[in-house]
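Nothing in this text is a laboratory measurement; each read-out follows from the coordinates by a stated rule. Because the structure is predicted, anything quoted here is derived from the model rather than measured. Glycine also receives a Cβ, built like all others from the backbone with ideal geometry; neighbour counts cover every protein chain displayed.
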Amino acid sequence: MPAIDPVSSDSDFPKKTTVAVIGGGVIGVATALELAERGVPVMLLEKGIIAGEQSSRNWGWCRQMGRDRREIPLVLESLKLWREMNGRVGAETGYRQCGIVYLAENEVELAAREKWYAENARAFGLDTKLVSGAEAERLQPGSSRAWKGALYTSADGRAEPFIAVPAMARHAQKLGVKIFQNCAVRGVETAAGKITSVVTEKGTIACEQVVLAGGAWSRRFLHNLEIAFPQLTVISSVMRTEPLDTGLEKSCSGGKFAFRKRLDGGYTVTHRHFSVADIMPDSFRQFFQFLPALKMDWSGVRLRLGKRFLDEARLKRRWRLDERSPFEEVRMLDPEPVNWILDEAAASLRDYYPRFQSMRIAERWAGVIDATPDVVPCISPLPEVDGLYLASGFSGHGFGLGPGAGKLMAQMVMGETPCVDPAPFRYARFFDGSRPRPTTGF
């Protein structure tokens, strides 16, 4: 796993707060930060360490281009916040507005880029451009291939996940947020259908509202409350290089690779297409809910049956609040990277851009992405329990969407006018006959 900047836990464990945020990833941290800036007492509770799972293991891209159109208003809000983040938290997050290029090698790829551009760029006032092959070479020079064209968005950026989320958490702490790591939340207590407290392995905390930002763990947590949440997971493999001078500063996707420049002078590199989905007990339980997504293009997902099936099957699906929970049994999801996927990405990058021939791989890792049936997050109150909110299912988009998602969630908790229309992210869409399904994002 990447080396993550440490965050110190608080020592004085309070008996009460106003809002308890469950999950120390980018969504939970951004929510806690927004609430703290409003003067709300907040406790941030994490079973492992801040940013220990997917929030430190993602690509680090902050993009509007290629998004599902339902997410575009939220990512535009997020990009505004990312641009201000270094100054806001008084620390380096690695955010840079570098621009992103999606290269098209053939007519099929170009048509997909054109379709997304036609349906979204003008409608949302994006600065995305559909460019020629010659312009693509100018934007991302040195390719051994002649490109048919590209999509280019100069306003898109990048940040360093393993330092950004801890920096945000430390600033939230300065504003009064109480952070407790290695402190699993076992469940919530209610009275007359309303939240009264959270029960942790270290004790019970009285509170008025709870935000569940548990990533891949959210479905299991809610199942113990008899609340259904459709969610499956995908393994994404990533690597970083040692410092390398290529002159390429724009983030880029093409061939079988995707890369971005890093603050340390190296590159974060991954496969732009392939990931692995482990077959799990929940894969069978949720087959029909995810069937519309399965009918879309899943050619980039490789199914795998192995040890994770048994590991998941052994974890409790029901537990009492006075007994050890699954979140104490497994503090961190730390899958092995899929090396053949990364090897293929590295070979493709060296082939398409010879200036990467000398790159040396310094580290490989993998993370667990949680996905919903329509590959759009749930950012919503949960109607079953007054005062319980869910912010999960970000489907690999959580880091880029994080600041905006945290702002939207904080506004919901506070009863403020939302910064974007929350309807696309409502929990009820999974059960009200809306038949949510993926659209044309990539």
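Measuring between their Cα centroids, the stretch 164-218 and the stretch 132-156 lie 45 Å from each other. On the principal axes of its alpha-carbon atoms, the stretch 370-442 has extents of 32, 28, 20 Å, going from largest to smallest. If the cut-off is a Cα-Cα distance under 18 Å, which lysines reach Lys307, setting aside same-chain residues fewer than 8 apart in sequence? Within reach: Lys316.
Restricting the stretch 1-76 to trypsin sites (Lys or Arg not before Pro) that sit in a DSSP loop and have at most 11 other Cβ atoms within 10 Å of their own Cβ leaves Lys15.
For Glu363, the residues 5 or more places off, or on other chains, whose built amide H falls under 5 Å of its own are Arg240.
3J(HN,Hα) along the stretch 50-57: 4, 6, x, 10, 4, 5, 10, 10 Hz, from the Karplus curve 6.51 cos²θ - 1.76 cosθ + 1.60 with θ = phi - 60°, whole Hz, x for Gly and Pro. The radius of gyration of the Cα set in the stretch 25-86, together with its Dmax, comes out at 13.5, 37 angstrom. Only beta bridges with both residues in the chain are counted; by DSSP, about 65 percent of them are antiparallel. Semi-axis lengths, largest first, of the ellipsoid equivalent to the stretch 113-263 are 44, 21, 16 Å, with √(5λ) applied to each eigenvalue of the Cα gyration tensor. Restricted to Cα atoms, the stretch 35-130 shows a radius of gyration and a Dmax of 17.3, 54 angstrom. With N as its number of residues, the stretch 82-181 has a Cα radius of gyration that, divided by 2.2 N^0.38 Å, comes to 1.46.
Of the residues Tyr389, Gln357, Gln411, the one whose Cα sits farthest toward the positive end of the charge dipole of the stretch 309-442, with +1 on the Cβ of Lys and Arg and -1 on the Cβ of Asp and Glu, is Gln357. Using a simple spin-label model with pseudo-atoms 7 Å out from Cα toward Cβ, Ala423 and Ala313 lie 4.4 nm apart. With 20 Å as the limit, the listed pairs Lys174/Lys261; Lys174/Lys194; Lys47/Lys178; Lys47/Lys202 have Lys174/Lys261; Lys174/Lys194 beyond it between alpha carbons. In the chain, excluding the sites themselves, the longest stretch lacking any of the GluC sites (Glu not before Pro) that are in a DSSP loop with at most 14 other Cβ atoms within 10 Å is 1-225. Using the Cβ-Cβ distance between Ala123 and Ser434 with R0 set to 30 Å, the FRET efficiency works out to roughly 0.90.
Counting only aspartates and glutamates at least 8 places from Lys148 when in the same chain, those with an alpha carbon closer than 16 Å to its own are Glu105, Glu107, Glu109, Glu114, Glu135, Glu137. If the Kirkwood radius is taken over C-alpha pairs of the stretch 1-44, then at 37 °C and 0.692 mPa s the Stokes-Einstein diffusion coefficient equals 280 µm²/s.
Kirkwood-type hydrodynamic radius, the stretch 212-262: 14.7 Å, calculated from all non-identical alpha-carbon pairs. Hey, got a sec? Which trypsin sites (Lys or Arg not before Pro) in the stretch 341-412 land in a DSSP loop and have at most 13 other Cβ atoms within 10 Å? Counting only loop positions with at most 13 other Cβ atoms within 10 Å, the trypsin sites (Lys or Arg not before Pro) in the stretch 341-412 are Arg360. Shown here for the stretch 233-286: trypsin sites (Lys or Arg not before Pro) in loop regions (DSSP other than H, G, I, E, B) with at most 11 other Cβ atoms within 10 Å, of which there are none. Remark on the stretch 269-419: Rg and Dmax equal 19.3, 59 Å (Cα only). Once the mean of 1/r is taken over each pair of separate Cα atoms and inverted, the stretch 157-219 shows a Kirkwood hydrodynamic radius of 13.9 Å. Net length available on complete extension from Glu189 to Ile361 is 57.1 nm, with 0.36 nm assigned per residue and the Cα-Cα distance removed.
Express the Stokes-Einstein translational diffusion coefficient of the chain in µm² s⁻¹, to the nearest whole number, given a Kirkwood radius over alpha-carbon pairs, 20 °C and a viscosity of 1.002 mPa s.
Working: Rh = 22.1 Å.
D = 97 µm²/s.
Name the residue farthest towards the positive end of the dipole of the chain from the options Pro14, Gly142, Ala159, assuming +1 on Cβ of Lys and Arg, -1 on Cβ of Asp and Glu, about the Cα centre. Looking along the dipole axis, the top candidate is Gly142.
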